[in-house]
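Just below is one structure, and these are the notes that go with it.
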Amino acid sequence: PYELTADQISALDDITKDLSSSKQMHRLLQGDVGSGKTVVALLSAFMLIKQGYQVAFMVPTEILLEQHLNTAQSLFPEIRTETLSSSTPKKSAIYQKLENHEIDLVIGTHALFQDDVKFKDLGLVIIDEQHRFGVEQRRRLIKKGDHVDTLMLSATPIPRSLAASLFFDLDISSIQTYPSFRKENKTVLIEEN
């Protein structure tokens with residue numbers, strides 16, 4: 001319902017090129033809070049889902065899970081979207097639905113990389129606040145599919161040269177501008193009393 005910024009379009013173009021190539025995507029998308037990383041990630045997910053794949057979107061908290069679910073459902077109501085967290089009952093139908101590809105997009109917490117979570121056609125893993133997950137945790141989720149593309153999101157600004165040494169196997173896209181409709185952040189000091 002709104003136009004993307006030039007940086008969002010550029011990042012999406014980088015991702016589209018990666019997804020269209022034969023090599024596995026390993027991309028870090030960085031930008032400040034409110035810069036529009038989630039919309040770019042969901043548009044990337046939409047591309048893969050339209051090609052017949054499933055997408056796992058891992059977040060560190062249930063609050064963030066709910067925020068991303070609301071955004072996904074408002075932008076793409078036609079996508080079969082579910083959530084999975086530690087509060088999801090072990091006997092929930094979601095496990096069978098994932099395995100049967102009756103779910104296109106699953107947004108979840110650490111519960112996503114547990115052994116009992118199986119996918120039929122996992123094509124893309126998106127990891128928000130990627131620094132909150134360990135290397136082994138991320139690997140366990142990515143290994144739930146064959147030739148899975150990976151998009152990691154980070155609000156921590158990392159200079160390109162430092163990022164190259166920290167994440168030598170990742171391509172990097174940055175969003176430096178803010179959408180025009182973005183709400184203004186207010187920082188205030190609240191007295192102790």
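Somewhere in region 82-96, is a residue basic (Lys, Arg), over 25 Å from residue 20 (Cα atoms) and surrounded by 14 or more Cβ atoms within 10 Å (Cβ to Cβ)? No, there is no match, as no residue in region 82-96 is basic (Lys, Arg), over 25 Å from residue 20 (Cα atoms) and surrounded by 14 or more Cβ atoms within 10 Å (Cβ to Cβ). Out of everything in region 139-156 that is without any contact (Cβ under 8 Å) to a residue 24 or more places away in the chain and under 27 Å from residue 32 (Cα atoms), what residue ends up being most open to solvent (accessible area, probe 1.4 Å)? So, considering only residues that are without any contact (Cβ under 8 Å) to a residue 24 or more places away in the chain and under 27 Å from residue 32 (Cα atoms), the one most open to solvent (accessible area, probe 1.4 Å) is 139.
Residues of region 70-105 being aromatic (Phe, Trp, Tyr) and within 17 Å of residue 40 (Cα to Cα), which ones?
First, the residues of region 70-105 that are aromatic (Phe, Trp, Tyr): 76, 95.
Hit for region 70-105 is 76, nothing else.
Across region 40-75, the number of residues qualifying as out of contact with any helix residue (DSSP H, G or I) (no Cβ under 7 Å at 6 or more places or on another chain) and of a type in the set (Phe, Trp, Tyr) comes to 2.
Summed over region 97-129, residues that are free of Cβ contacts under 8 Å to residues at least 12 places away in the same chain and open to solvent by less than 30 Å² (accessible area, probe 1.4 Å) total 0. Among the conditions (1) more than 22 Å from residue 149 (Cα to Cα); (2) open to solvent by 20 Å² or more (accessible area, probe 1.4 Å); (3) hydrophobic (A, V, I, L, M, F, W, C), residue 76 misses just one, which is (1).
Filter region 34-55 down to the residues that are in a loop (DSSP other than H, G, I, E, B) and surrounded by 14 or more Cβ atoms within 10 Å (Cβ to Cβ) and list them by number. Before you say what the answer is, go through the steps one by one.
If we filter region 34-55 for residues that are in a loop (DSSP other than H, G, I, E, B), which is where we start, we get 34-36, 51-53.
34, 35, 36, 53, listed by residue number.
Being modelled with pLDDT under 95, under 14 Å from the mean Cα position of the chain (by Cα) and among the acidic types (Asp, Glu) is a property that does not hold for residue 3.
Considering the conditions (1) open to solvent by less than 30 Å² (accessible area, probe 1.4 Å); (2) closer than 29 Å to residue 176 by Cβ, residue 4 is excluded by exactly one of them, (1).
Hey, could you check region 115-151 for residues that are touching a strand residue (DSSP E or B) at 6+ places or on another chain (Cβ under 9 Å) and among the acidic types (Asp, Glu) and say which is modelled with the lowest pLDDT? Top of the filtered list is 129.
The values are calculated or read from the model by the stated rules, or taken from the named source; none is laboratory data. Predicted model, so just to flag it, every value in this text is computed and none were measured. Neighbour counts run over all protein chains shown; Cβ positions are idealised from the backbone, glycine included. The protein model used for the area step is the full one, side chains on, heavy atoms only, and it has no ligands, DNA or RNA in it. Shrake-Rupley method; radii C 1.70, N 1.55, O 1.52, S 1.80 Å.
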